[in-house]
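> I have a structure here, written as C-alpha cells, and I will follow up with some questions on it.
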Amino acid sequence: MTGYLSFVLKRVVQLIGVIAAGVSASFFITHLSPINPVDQAVDRITARSGFRPDAIAELRAALTELYGTDEPLLVQFASFWGRLLQGDLGPSLIAFPTPAMDLVMRALPWTACLLVVTVLITWVVGNLLGGLAGYYQNNRFLKAFGIVTMGLQPVPYYIVAFILLIIFGFLWPVLPISGGFAMNVRMGWSWEFAFSVLQHAILPATSLVLVGIGTWFLGMRALVSNVVTEDYVTYAELAGVRPGRIVRSYVLRNAMIPQLTGLAMSLGGIFSGTVITEEVFNYPGLGSLLIDAVNGGDYGLVLAVSSVSIAAVGVAILVVDLLYPVLDPRVKAE
Amino acid sequence: MFAVLRDLIRYNIEFAVGLVLVGIIVLYACLSFFSPVDPTQIYLSIPDQPPSAQYWFGTNSRGQDMFWNLSFAFRNTLIFGLIVAAISRVISITVGLLSGYLGGWVDRVLMFINDIFVAVPSFPVLVLFYFVLRSGLNTYSLAAVMAVLGWAYDARLIRSVTLSLKHREFTLHARYSGMSTPKILLQEHLPYVMPIIFATAMANMIWSIGMEVTLAVLGFTNINIPTVGTTLYWANNHSAMVVGTWWWLVIPVVLIVITFIGLFLLAVSLNEYIDPRSRLRRMGA
C-alpha cells in the first residue's frame with residue numbers, strides 16, 4: 001500500500017505543478033502584452049454612445065483600480081494568485097456586476113457533465129470494439145466500423161459538429177441545435193427539465209463521440225493485434241482456455257493499460273474539443289462563456305475561464321491517473 | 001529511400017490512398033500560383049453563382065471565384081500546417097533526444113515541463129493569445145504559438161525510442177570510440193527516430209490545421225488572410241446555409257476532410273511501417 005501512497009503523492013505534486021505553471025502562463029500571456037485592458041474596455045464602452053470627458057476619466061480610474069494595472073507586475077501576480085485561491089476574480093463585464101467566478105461555476109457543470117459522459121462512452125465502447133476487432137480480425141462488421149472511424153477520426157471537432165448542425169438544423173430538423181435546455185422549461189429537478197437537457201445534449205455528445213471513438217478503436221486494435229501474437233496467448237489457447245476468457249482476462253486487460261495512459265494524456269485535447277463543440281451548439285458551458293468573454297472584451301472573465309479550465313483538466317488527469325493501479329497491479333507492488 | 005516509398009505504395013493500400021488524396025490537395029493548392037484573380041479583392045465576379053462551367057466551385061456572396069479563392073486558402077492552410085510541423089518537430093527532437101540520452105536531472109526537468117504542455121488544454125491558451133494580440137495574430141505568429149504548444153506528446157515518444165537506443169551496443173561503441181554526445185545524437189540516433197518524425201508530423205499537421213480552422217471560424221485570427229477557416233467564417237458571416245449558397249460551405253468542408261483523411265492515412269501507414277511486426281503481416285510473410 002505504501003507504493004500506492006507514494007504514487008498518489010507524486011501525482012498530486014505533479015498536478016500542483018501543472019496547475020501553477022498553466023495558470024501563471026495565462027496570467028503572463030495576458031499581462032505582458034502591450035495592450036492595456038483598461039483602454040480596451042473604455043474604448044468599447046465609449047464607442048456605443050457619447051460620454052462626458054469627466055465620466056470617461058472616472059470610468060478609467062474605476063477600471064484601473066479594478067484590474068490593478070497601475071501596480072508593478074509582480075505585485076499584480078501575487079494578488080492574482082491570492083484572489084484566485086479565494087475564488088474571487090472580480091466582477092465580470094459582460095454580465096456586470098455578477099462575479100466572474102460565479103459565471104464560470106455556473107458553466108462548469110455543463111462542460112464537466114458533457115465531458116465525463118462522452119469520454120466514458122467513447123473510451124469504453126471504442127476500446128471494447130477495438131479490442132474485439134484486434135482479436136477477431138475477420139469480422140465484417142468490425143472491419144467496416146474500422147474504415148468508418150478511420151474516416152472520422154482525423155476530422156477536427158469543429159467540422160464534425162458543423163456537419164451535424166447542417167444536417168439536423170437545415171436538412172432534417174428533428175433535434176434541438178442550440179442551448180442546453182428548452183426556453184420554456186424551468187430549471188430544476190423535474191422530468192421535463194431532465195428530458196430537455198438530454199435532448200439538447202444529443203447532438204453535442206454525438207459529435208464528440210464520433211470524433212473521439214476512432215482514437216481508442218484504432219489504438220486498441222493495433223495493441224491487441226500485437227498482444228495476440230505473444231507467447232502467453234498462444235499458450236493459453238493451447239491449454240484450452242475459452243476464447244472469451246482469453247480476450248477478457250489476458251488480452252484486453254494488458255492492452256488497456258497504455259490506453260489509460262493515453263486517456264490521461266489526451267484529456268487536454270478532448271477538453272479543447274468539448275469547448276469548441278459547445279460553441280457550435282451554443283451549449284451553456286465554459287466554451288461558450290470563453291468565446292462570449294473574448295467577444296465582449298472581458299479581461300477578468302477570460303482569465304477566470306482559462307484558469308479554471310486548466311485546473312479542471314489537471315484534476316481530471318489526476319483522477320484518471322489514480323485509476324491506474326486498478327488495472328495494473330504492478331504499480332501497487334513498486 | 002525510393003525503394004521504401006515503392007514498397008509502401010505496393011504493399012500498403014492506405015499509404016497509396018493517402019498519397020493520392022494529399023497529392024490532389026497539394027496540386028490544387030499549387031494552382032494558386034497561376035491564379036488569374038487576386039484573392040484579397042472582393043466583388044470581382046457576379047456574387048452567388050452556383051458551380052458552373054465558368055465558375056467551377058461557384059462564386060460566393062462577396063463576389064469571389066471560389067475555385068481560385070479556395071486554392072489560395074489551401075495553399076495558406078498547408079503552409080501554415082508545414083510551418084507548425086517543422087518548428088514543433090525541431091523542439092520535440094531536441095527535447096526527446098536530450099531527455100532520453102542524458103537521463104538524470106536533465107530528463108526529470110524536461111519531462112516535468114513536458115507534462116505541463118501535455119496537460120494544459122491548448123484551445124483556451126490560443127484564445128488568450130488572440131485576446132491580447134487581436135489582429136497581430138497572423139499566420140506566422142499563430143504558427144509559432146501553436147508549435148510551442150504542440151511538441152510535447154511527440155517528444156515523449158522520441159524519448160522512449162532514445163531510451164532503448166541508449167543501451168544498444170552501437171551507442172556504447174560510438175561513445176567508447178570518443179564520439180561526442182551531439183554527434184551520437186545526430187548521426188547515430190536521429191536516423192532511427194526519423195520515421196517517427198514523419199508520422200508524427202502528419203498527425204501534427206492534422207491537429208494544427210484543425211485548430212486553425214476552428215479559431216478562424218470563430219473569427220479569432222486575421223480574417224482577411226484567405227485560409228480554409230476564414231472561408232468558412234465568411235460563409236457563416238453571410239449565412240450561406242440560410243441564403244442557399246451551399247457550395248460556399250460544402251466544397252471547402254469536403255476538401256478539408258479529404259486533406260485530413262489523406263494526412264491521417266499517411267500517418268497511420270507510416271506508423272505501421274515503423275512497427276516491423278505489422279509490416280510483415282501485411283506483406284503476407
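No value in this document is a laboratory result; all are computed from the given coordinates. The structure displayed is predicted, hence computed values, not measured ones. As a convention, Cβ positions derive from the backbone with ideal geometry for all residues, glycine included, and neighbour counts pool all protein chains shown.
> Between region A:234-273 and region A:102-160, what is the separation of their alpha carbon centroids in Å?
16
> OK, next. What residues qualify as long-range amide H neighbours of B:Thr59, i.e. H under 5 Å apart, gap of 5 or more or another chain, H built at 1.01 Å from N?
When sequence neighbours closer than 5 places are left aside, the close amide H contacts are B:Asp48, B:Gln49, B:Met66.
> Right, another one. Partner chain Cβ atoms within 10 Å, averaged over the residues of B:249-258 - can you pull that number for me? Numbers along the way, then the final one.
Details: counts 3, 2, 0, 1, 5, 0, 0, 3, 8, 0.
For this peptide, the per-residue mean of nearby foreign Cβ atoms is 2.
> For region B:79-91, what does the Karplus curve 6.51 cos²θ - 1.76 cosθ + 1.60, with θ = phi - 60°, yield as ³J(HN,Hα) per residue in whole Hz, taken in order and with x for Gly and Pro?
Coupling constants for region B:79-91: 4, 4, x, 5, 4, 4, 4, 4, 5, 5, 5, 4, 5 Hz.
> If you split all Cα-Cα distances of the protein assembly as shown into 20 Å bins from zero, what percentages do you get per bin, shortest first?
Using 20 Å bins, I get a P(r) of 17, 51, 29, 4, 0 for the protein assembly as shown.
> As a test of the formula, what do you get for chain B when each DSSP H run with n ≥ 4 contributes -39,500 (n - 2.57) and the sum is divided by the residue count, at 222 nm and rounded to the nearest 500 deg cm²/dmol?
Working: 13 runs with 204 residues, N = 285.
Calculated at 222 nm, the ellipticity per residue is -23500 deg cm²/dmol.
> Is region B:133-190 best put as rounded, prolate or oblate by its Cα gyration tensor, with a ≥ b ≥ c the root eigenvalues, rounded for a/c under 1.5, and otherwise prolate when a/b is larger than b/c, oblate when not?
prolate
> If each DSSP helix of 4+ residues adds -39,500 (n - 2.57) and the sum is divided by the residues in chain A, what number results at 222 nm, nearest 500 deg cm²/dmol?
Per the formula, -25000 deg cm²/dmol.
> Expressed as a whole number of Å, what is the distance separating the alpha-carbon centroids of region A:5-75 and region B:136-215?
Cα centres, region B:136-215 to region A:5-75: 35 Å.
> Using alpha carbon coordinates only, what is the Rg to Rh ratio of region A:23-181, with Rh defined as the Kirkwood radius?
Details: Rg = 24.5 Å, Rh = 21.1 Å.
Dividing the radius of gyration by the Kirkwood radius yields 1.16.
> Next question, about the same structure. Within 10 Å of each Cβ in B:209-220, how many Cβ atoms from other chains are there, averaged over the peptide?
Counting Cβ atoms of other protein chains within 10 Å of each residue's Cβ and averaging gives 5.
> For region B:1-140, max minus min Cα coordinate along each principal axis, in Å, sorted largest first?
Projected onto its principal axes, the Cα set of region B:1-140 covers 66, 50, 22 Å.
> Right, something else. What number do you get for region B:225-275 when its Cα radius of gyration is normalised by 2.2 N^0.38 Å, N = residues? Walk me through the numbers on the way to the answer.
Details: Rg = 15.5 Å, N = 51, 2.2 N^0.38 = 9.8 Å.
Relative to the 2.2 N^0.38 Å estimate, region B:225-275 comes out at 1.58.
> May I have the extent of the alpha carbons of chain A along their three principal axes, as whole Å values ordered from largest to smallest?
89, 55, 39 Å, listed from the longest principal axis down.
> How large is ³J(HN,Hα) for each residue in region A:87-99, as worked out from phi by the Karplus curve 6.51 cos²θ - 1.76 cosθ + 1.60 (θ = phi - 60°), to whole Hz, x for Gly and Pro?
x, 10, 10, x, x, 8, 8, 6, 10, 4, x, 4, x
> Also, I was wondering about something else. Residue-wise, which Karplus ³J(HN,Hα) couplings in Hz belong to region A:157-163, taking 6.51 cos²θ - 1.76 cosθ + 1.60, θ = phi - 60°, and x for glycine or proline?
Computed from phi, the couplings for region A:157-163 are 3, 4, 5, 4, 4, 5, 5 Hz.
> Over all directions, average the projected area of the Cα convex hull of region B:2-283 and note it in nm².
For region B:2-283, the mean projected area of the Cα convex hull comes to 17.9 nm².
> Which aspartates and glutamates, if any, have their Cα less than 12 Å from the Cα of B:Lys166, not counting same-chain residues under 8 positions apart?
Here the aspartates and glutamates satisfying the reach criterion relative to B:Lys166 are B:Glu188.
> Next up: Based on the Cβ-Cβ distance of B:Ser164 and A:Asp54, what FRET efficiency does E = 1/(1 + (r/R0)^6) give at R0 = 60 Å, to the nearest 0.05?
Values: r = 71 Å, r/R0 = 1.19.
The pair B:Ser164/A:Asp54 has a calculated efficiency of 0.25.
> Could you work out which residue, out of A:Ala41, A:Ala311, A:Ala194, moves most in a Gaussian network model of chain A, that is, has the largest mean-square fluctuation with Cα springs under 10 Å?
In this elastic network of chain A, the residue with the biggest mean-square fluctuation among A:Ala41, A:Ala311, A:Ala194 is A:Ala194.
> Could you work out the local net charge near A:Ala107, counting Lys and Arg as +1, Asp and Glu as -1, over the other residues with Cβ closer than 15 Å to its Cβ?
On the way: positive: A:Arg106; negative: A:Asp102, A:Glu278, A:Glu279, A:Asp292, A:Asp298.
Charge balance in the 15 Å sphere: -4.
> For a quick check, take a GNM of chain A with Cα springs below 10 Å and name the residue from A:Phe27, A:Phe170, A:Phe271 with the largest mean-square fluctuation.
A:Phe170
> Ok, one more. Most mobile of A:Tyr67, A:Tyr235, A:Tyr324 per a Gaussian network model of chain A (Cα springs, under 10 Å)?
Fluctuation is largest for A:Tyr235.
> Residues with beta-carbon under 13 Å from that of B:Ser35, excluding B:Ser35: net charge, scoring Lys, Arg +1 and Asp, Glu -1?
Neighbourhood net charge equals -1.
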